[in-house]
1. Residues in the stretch 136-163 that are of a type in the set (S, T, N, Q), touching a residue at least 24 places away in the same chain (Cβ under 8 Å) and in a helix (DSSP H, G or I): how many?
2. If Val118 passes every condition in (1) among the β-branched types (Val, Ile, Thr); (2) over 21 Å from Leu32 (Cα atoms); (3) touching a helix residue (DSSP H, G or I) at 6+ places or on another chain (Cβ under 9 Å) but one, which one does it miss?
3. Output the number of the condition that Leu128 fails; it satisfies all remaining conditions of (1) buried (at least 19 other Cβ atoms within 10 Å of the Cβ); (2) more than 29 Å from Leu15 (Cβ to Cβ).
4. Take Val136 and tell me if it is of a type in the set (Val, Ile, Thr) and over 17 Å from the mean Cα position of the chain (by Cα).
5. Which numbered condition trips up Leu35, out of (1) modelled with pLDDT of 95 or more; (2) within 23 Å of Ala180 (Cα to Cα); (3) surrounded by 14 or more Cβ atoms within 10 Å (Cβ to Cβ)?
Amino acid sequence: MQAQLKPIPVFRTPLNVVGAIIGISVLASIFLVWLVYFHPPADIADSRLTFLPALNAVLNGLCTIALLFGITYIKRKDIRRHRNAMFAAFFFSSLFLVSYITNHALHGDAHFPTAHPVARFIYLWILLTPHILASVVALPMILITFFFSLSGRFHFHILIARYTFPLWLYVSISGVIVYAMLAHYR
């Protein structure tokens, strides 16, 4: 007697959800550009919450560790631990975003000193520009990847996660390097 195979349910991805995620990501990016480049800092004396840049680096570092655990677990087919690691990475990234917004609202944008032209070039053009561009692209990809997973669309989750993971990892690692370079040369 042959066992009956259950048909795999096909989920149609609601385009309005993906559109909403992309729209929210665009609005978030516009807000961050305004905050970093146009909003005057609230703490001109630079005396409150001065630990936030270091906290941002720690949160990016913790996100990196969680992402590396997540990829390790999924390669071992340990889905429960993979899910937990990815939720931890999302949690650390979310805390980072809150801390980043708070820091920029209070202190404005940090400028790399001009006294170190080679290091400044590396910081601005090799590291910071790709970091910013990658973070703008990563935000909607992370949200869509989570949406596919949480809504049971695992086939699509796997397809997009192959691109989301390295981008998210790059943004997390380069965020720590950006902080380290600024801290070292200030």
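The values are calculated or read from the model by the stated rules, or taken from the named source; none is laboratory data. Quick caveat: nothing in here was measured; it's all calculated off a predicted structure. Methodologically, a virtual Cβ is constructed for each residue, glycine included, from the backbone with ideal geometry; neighbour enumeration extends over all protein chains shown.
1. Residues that pass the stated criteria total 1.
2. (3)
3. (1)
4. When the stated conditions are applied, Val136 does not pass them.
5. (1)
This table checks each residue for (1) at pLDDT 95 or above; (2) part of a helix (DSSP H, G or I); (3) more than 21 Å from the chain's Cα centre (by Cα).
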| position | (1), (2), (3) |
| --- | --- |
| Asp43 | no, no, yes |
| Arg48 | no, no, yes |
| Leu68 | yes, yes, no |
| Asn84 | yes, yes, no |
| Leu95 | yes, yes, no |
| Ala110 | no, no, no |
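Listed here are the residues, each with its yes/no results for (1) under 25 Å from Phe31 (Cα atoms); (2) of a type in the set (A, V, I, L, M); (3) modelled with pLDDT of 90 or more.
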residue: Ala134; (1), (2), (3): yes, yes, yes
residue: Ile142; (1), (2), (3): yes, yes, yes
residue: Ser149; (1), (2), (3): no, no, yes
residue: Ala161; (1), (2), (3): no, yes, yes
residue: Leu169; (1), (2), (3): yes, yes, yes
residue: Ser172; (1), (2), (3): yes, no, yes
residue: Gly175; (1), (2), (3): yes, no, yes
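Each row is one residue, and each column tells you yes or no for (1) surrounded by fewer than 14 Cβ atoms within 10 Å (Cβ to Cβ); (2) touching a Phe, Trp or Tyr at 6+ places or on another chain (Cβ under 7 Å); (3) of a type in the set (A, V, I, L, M).
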residue: Arg80; (1), (2), (3): yes, no, no
residue: Arg83; (1), (2), (3): no, no, no
residue: Ile101; (1), (2), (3): no, no, yes
residue: His104; (1), (2), (3): no, no, no
residue: Tyr123; (1), (2), (3): no, yes, no
residue: Thr145; (1), (2), (3): no, no, no
residue: Leu159; (1), (2), (3): yes, no, yes
residue: Arg186; (1), (2), (3): yes, no, no
